[in-house]
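Enquirer: A single structure is presented below for examination.
The values are calculated or read from the model by the stated rules, or taken from the named source; none is laboratory data. Just so we're clear, the structure is a prediction, and the values are computed from it rather than from any experiment. All Cβ positions, even for glycine, are placed from backbone atoms using ideal geometry, and neighbour counts span all protein chains on display. The area values use the complete protein model at the heavy-atom level, side chains included, leaving out ligands, DNA and RNA. Shrake-Rupley method; radii C 1.70, N 1.55, O 1.52, S 1.80 Å.
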Amino acid sequence: MKNLAIFDLDGTIADTICDLGDAVNYGLEKLGCPVHDYEAYKQMVGNGAKKLCFRALPEYKRNKAEELYLMFKEYYSHHYLDKTKLYDGMKETMEKLQNNGVILAVATNKPEDAARKIIAKLLPDIDFICVLGGSDKRPLKPDPAVLFEIYGLLRDEELCVDMIGDSNVDVMTACNADIRFIGCSWGFRGREELETCIRECNRWLYSSIAEKPSDIADIIL
């Protein structure tokens, strides 16, 4: 049996909140709307870029969500690595997992083209079997379709699968796919949200919470 570790990206592998927030704020300013600080954006991300833009708008401007999304997408395509960085210890954790034969993948709701560029820049020496993100090809998490697509690449393998993420979306994705979950307490939502969602989904027997990236390897290996 082989181990398959499927990682979320934002708030799990890398701290991307500043570049995401800057991109949305750029569009908000163009639309004459109030902007938000980075802490506020931590509660808005997780369900894809279009939902992020919708949440960032004041109620009286929600009809501008598509326009904001297009401005966000254009700005972010040129600024996705201005401030984004790996969490401390993540590179070493990925290397340890890879060196121990763990199959690695990324499943994020971030637009797929941006996700692939970020992973390629931040972790160029890690051999991910795939990096899948938000696109018109599949529904977003917590729908487990993205996980099943990854399994399809390994249909001849017997797998022990872990979903690693930082939010309730990731907990529910793991639950919907009936796989183990490892929560990242350093992420955007924190331990309390993870614990609450794990409890509500009745998944404590299948879940762990990591306090630092190196804990992920300890749990899996």
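Enquirer: Set Lys and Arg Cβ to +1 and Asp and Glu Cβ to -1, take the dipole of the range 91-195 about its Cα centre, and tell me which of I119, L140, G165 lies farthest positive.
Expert: I119
Enquirer: According to the square roots a ≥ b ≥ c of the eigenvalues of the Cα gyration tensor, what is the shape class of the range 151-190, taking rounded for a/c under 1.5, prolate for a/b larger than b/c otherwise, and oblate for the remainder?
Expert: Taking the square roots of the gyration eigenvalues as a ≥ b ≥ c, the range 151-190 is prolate.
Enquirer: Quick one: Karplus J couplings for the range 149-154, per residue in order, coefficients 6.51, -1.76, 1.60, θ = phi - 60°, nearest Hz, x for Gly and Pro?
Expert: My calculation for the range 149-154 gives 5, 5, 4, x, 6, 10 Hz in order.
Enquirer: Starting at the first residue of the range 132-147, write each ³J(HN,Hα) from the Karplus equation 6.51 cos²θ - 1.76 cosθ + 1.60 with θ = phi - 60°, in whole Hz, x for Gly and Pro.
Expert: Running phi through 6.51 cos²θ - 1.76 cosθ + 1.60 with θ = phi - 60° gives 10, x, x, 7, 6, 7, 7, x, 6, 4, x, 4, x, 4, 5, 5 Hz.
Enquirer: So, one more: Which of Y206, Y60, Y38 moves the most in a Gaussian network model of the chain with Cα springs under 10 Å?
Expert: Y60
Enquirer: Over 19 Å between C-alpha atoms is what I'm after, so list which of K96/K141; K42/K141; K96/K212; K85/K110 land there.
Expert: The answer is K96/K141.
Enquirer: Per residue of the range 4-17, what does 6.51 cos²θ - 1.76 cosθ + 1.60 with θ = phi - 60° give for ³J(HN,Hα)? Whole Hz please, x for Gly and Pro, Karplus curve as stated.
Expert: The phi angles translate into 10, 10, 10, 9, 5, 10, 5, x, 10, 7, 9, 8, 10, 5 Hz.
Enquirer: If you build the Cα gyration tensor of the range 1-121 and take the root of 5 times each eigenvalue, what three semi-axes come out, in whole angstrom, biggest first?
Expert: Calculated on Cα positions only, the semi-axes equal 31, 13, 12 Å.
Enquirer: A follow-up question, please. If you place +1 on the Cβ of every Lys and Arg, -1 on the Cβ of every Asp and Glu, and leave all else neutral, what size is the dipole of the chain about its Cα centre, to the nearest 20 Debye? Mind showing how you got there, number by number?
Expert: Details: 28 positive and 37 negative charges, 105 e Å.
It works out to roughly 500 debye.
Enquirer: In square nanometres, what is the average projected area of the Cα convex hull of the chain?
Expert: Taking the Cα atoms of the chain, their convex hull projects to 11.6 nm² on average.
Enquirer: Here's another thing I want to ask about it. Residues of the range 146-196: accessible area per residue at 1.4 Å, in Å²?
Expert: Using a 1.4 Å probe on heavy atoms only, each residue of the range 146-196 averages 40 Å².
Enquirer: Enumerate the aspartates and glutamates that K30 could reach by cross-link, defined here as Cα to Cα under 12 Å, with residues fewer than 8 away along the same chain left out.
Expert: Within reach: E67.
Enquirer: Would you mind checking which residues have amide H under 5 Å from I164's amide H? H placed 1.01 Å from N; only 5 or more apart, or other chain.
Expert: I6, F7, D8, I182
Enquirer: Here's another thing I want to ask about it. Heavy-atom accessible area per residue, the range 20-66, 1.4 Å probe: how many Å²?
Expert: The answer is 53 Å² per residue.
Enquirer: Work out the FRET efficiency for H78 and D37 from their Cβ-Cβ distance, taking R0 = 22 Å, and round it to the nearest 0.05.
Expert: In this case the efficiency is close to 0.50.
Enquirer: Given the range 105-181, report the % of alpha carbon pairs whose separation exceeds 17 Å. Don't jump to the answer; show the numbers that get you there.
Expert: Numbers: 1317 of 2926 pairs.
That fraction is 45 percent.
Enquirer: What does the extension gain come out to for K121 and L205, with contour length at 0.36 nm per residue minus their alpha carbon separation?
Expert: Taking 0.36 nm per residue and subtracting the Cα distance, the gain is 26.7 nm.
Enquirer: Three principal axis extents, largest first, for the C-alpha atoms of the range 134-221, in Å?
Expert: 33, 29, 22
Enquirer: Give the angle, between 0 and 90 degrees and rounded to the nearest 10, that separates the Cα long axis of helix 190-200 from the longest principal axis of the Cα atoms of the chain.
Expert: Relative to the chain, helix 190-200 is tipped by roughly 70 degrees.
Enquirer: Would you please give the residues with an amide H less than 5 Å from that of C130, counting only those at least 5 places away or on a separate chain, with H modeled from the backbone geometry?
Expert: V106
Enquirer: For the range 160-221, which whole-number percentage of the solvent-accessible area (1.4 Å probe, protein heavy atoms only) is attributable to carbon and sulfur atoms?
Expert: 46 percent
Enquirer: 5 Å is the cut-off here: which amide hydrogens, built 1.01 Å from N in the peptide plane, fall below it relative to T84, excluding neighbours closer than 5 in sequence?
Expert: D19
Enquirer: What does DSSP give for the chain in terms of the percent of beta bridges that are antiparallel, rounded to the nearest 5?
Expert: Roughly 10 percent of the DSSP beta bridges within the chain come out antiparallel.
Enquirer: At a 1.4 Å probe, what is the % contribution of carbon and sulfur to the accessible area of the range 35-115? Walk me through the intermediate numbers first.
Expert: Numbers: 2070 of 4220 Å².
Using a 1.4 Å probe with all protein chains present, the range 35-115 comes out at 49 percent carbon and sulfur.
Enquirer: Relative to the first principal axis of the alpha-carbon coordinates of the chain, what is the inclination of helix 65-79, with its axis defined by its Cα atoms, in degrees from 0 to 90 and to the nearest 10?
Expert: With both axes taken from Cα atoms, the answer is about 70 degrees.
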